[in-house]
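Here's the structure we're looking at; comments come further down.
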């Protein structure tokens, strides 16, 4: 396991201390938990952005986000991100 050291503003440290008390965690565990949650959120945002831009498929976006396709579909719907292009839908409907 690697070690990360960082300087933080006093206000952020005070918030961290409040979080430690509230969650009853030691500093290292709390920082690992918050870092993990932040990176999870970052992965989801990256996946949503790439999906909206059309640079990855829906299933690949769910994989990037680290989510099931069903959970990712809910997230995309909540964010109002369409993953089916109109031209593909029209072609599929004509084929039927």
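General observations
- For the chain, the Cα-based Rg and Dmax, in that order, read 19.4, 63 Å.
- For the peptides 49-60, 64-75, the ranking by packing is 64-75, 49-60, with the highest mean count of neighbouring Cβ atoms within 10 Å listed first.
Bear in mind that the values in this text are calculations on the coordinates, not laboratory data. Since the structure is predicted, the reported quantities are computational estimates derived from the model, not experimental observations. In this analysis, Cβ positions are derived from the backbone assuming ideal geometry, glycine residues included, and neighbour counts consider all displayed protein chains.
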